[in-house]
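Notes follow once the structure below has been shown.
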Amino acid sequence: MASIIKKKKKNQFYYYIVESQRVNGKPRIVWQKYLGKVEDIARAMSNPEQLTPPKHAKVFEFGAVAALLTVAEQLKIVETIDNHIPKREQGISVGEYMLIAAINR
C-alpha cells in the first residue's frame, strides 16, 4: 500500500509517494515517486484541467472477491458460523461479518 512521506533536504521539505515492504525482516522502501514541494502539489491540484489523465491502469485483481464468495457459498461457511454463534435478528449475522472480514484480508 502506498503512502506519502516528507523528506527534509537543506531546510526544504519534499514529498514522495512510496511503497514499503519487509526485506530480510526489516521495512524498506521498494518504490518511490517524487511529488514535489507543497507549493508544487497545491499548484498542480488547483488547475485540474492541466492534469494529464493516466495512459493506462494496472489491474492486480479481477474476480477474486466473486470467486471467494462463490466458494464460501458452496461450503456454507456463513450458515455453519451462524449455527454455532446465534445472534438477535438485527443487522447482518456474525457469519456474514466473518465472511466479509475474511474476504477483505
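Share of carbon and sulfur in the accessible area of the chain stands at 58%, probe radius 1.4 Å. The C-alpha atoms of the chain define a longest principal axis, and helix 94-104 lies at about 30 degrees to it. Note: relative contact order over segment 62-104, using C-alpha pairs below 8 Å and six or more positions apart, is 40 percent. Between R43 and I100, the simple spin-label model (points 7 angstrom out along Cα→Cβ) gives 4.5 nm. Averaging Cα coordinates gives a centre for segment 1-28 and one for segment 43-105; these two points are 28 Å apart. Take the chain with all the other protein chains still there, run a 1.4 Å probe, and you get 92 Å² of accessible area per residue.
Compared with the dominant Cα axis of the chain, that is its longest principal axis, helix 64-75 is turned about 10°.
Sorted from longest to shortest, the spans of the Cα atoms of the chain along the three principal axes equal 63, 40, 28 Å.
Across the options A2, A57, I100, the greatest Cα extent toward the positive end of the charge dipole of the chain (unit charges at beta carbon of Lys, Arg, Asp, Glu) belongs to A2. Label-to-label distance for I77 and V59 is 2.3 nm, based on points extended 7 Å past Cα in the beta-carbon direction.
According to the Kirkwood relation over distinct C-alpha pairs, the hydrodynamic radius of segment 62-104 is 10.8 Å. Under 19 Å from a label point 7 Å along Cα→Cβ of I92: give me every residue in segment 58-72 with its amide N that close. Of the residues in segment 58-72, 63-72 have backbone N under 19 Å from the label point off I92. Can you pull the accessible area of H84 for me, 1.4 Å probe, Å² to the nearest 10? Its heavy atoms expose roughly 150 Å² to the probe. For segment 45-105, applying the loop criterion from DSSP together with a ceiling of 15 other beta carbons within 10 Å to the chymotrypsin sites (Phe, Trp or Tyr not before Pro) yields F60, F62. Ignoring GluC sites (Glu not before Pro) that are buried or in helix or strand per DSSP, and keeping those with at most 10 other beta carbon atoms within 10 Å, what is the longest stretch of the chain between them? Between exposed loop sites, the widest span is 1-60. Structural descriptor for the chain: relative contact order 14 percent, calculated from alpha carbon pairs under 8 angstrom and at least 6 residues apart.
The values are calculated or read from the model by the stated rules, or taken from the named source; none is laboratory data. Not measured: the values here are computed from a predicted model. Note: ideal-geometry Cβ built from the backbone for every residue, glycine included; neighbour counts use all protein chains shown. Remember, those area values only see protein heavy atoms, side chains included, never the ligands or the DNA or RNA. Shrake-Rupley method; radii C 1.70, N 1.55, O 1.52, S 1.80 Å.
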